[in-house]
Structures are given as C-alpha cells and as structure tokens.
Amino acid sequence: MGFLVFCWLIIGVVCAVIAIGKGRSGFGWFILGCIFGPLALLCSAVMSRESRQDERTLKTCPHCAEKVQLQAILCKHCHQPLEEGHPSVAKIKSSAADDWANS
C-alpha cells in the first residue's frame, strides 16, 4: 500500500515537471497527477505548450496602455496614433480634420 502511494506521488511530481516545462501550472498538475495517476501523466505528456501570442502579436498603446495589434496605426480603444511618423496617420488626421470642418 505504501509503495502504491509513493508511486502516485512520483507520478504527481513528474506531471508537475512536464507541466512547468510547457508553461502550465506545476502545482495544479501535481494535484491532478496525485488524483488521477497515469491518466494525468498521459495528459500532461500530450498537451501542447501554452501559447504566448500576446507577446508576439500585440503591442501596448502609449496613451491608454491597452493591447493592440502590431500592425495597428491607431489605437482601437482611445483612437490615438501609435506611430507619429507613419504616412497613414497624417492621412487619417487630415481626413478627420476635413470631416470636422465640413460638419
């Protein structure tokens, strides 16, 4: 009986190590490994890495600190230009000024 408990704890530790290596919660997977044993070990082995797409595809607006796409030239939250030197920003500013003057 003691050997079986020891094996399940080892499985929990192995699940935690695999999960940490894939960017997941080590403590959560340790608990899952202790409860479900070999099934949790199998799941932790085949699960994919946690994707960190926010860091690669988003940037932070300097005006409102919200996340926007890397290709964005205007913030979708505060409508401020993200790149002052970009030619599209000048075009958008001039068309906005024309719209305001015509109304």
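Each reported figure results from applying straightforward, stated rules to the coordinates on display, with no laboratory input. In this text the structure is predicted, and so the values were computed from the model without any measurement. Reconstructed Cβ throughout: ideal geometry from the backbone, glycine too, with neighbour counts over all protein chains shown.
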Provide the packing ranking of 30-39, 57-66, i.e. peptides ordered by the mean count of other C-beta atoms within 10 Å per residue, highest first. 30-39, 57-66
Note: His63 to Ile20 extended length (0.36 nm per residue) minus current alpha-carbon separation gives 12.0 nm
What's the exposure ranking of Val68, Val46, going from fewest to most Cβ atoms within 10 Å? Val46, Val68
Using every pair of alpha-carbon atoms in the stretch 2-46, split the distances into 5 Å bins beginning at 0 and state the percent of pairs per bin, rounded to integers. 6, 32, 34, 18, 7, 2, 0
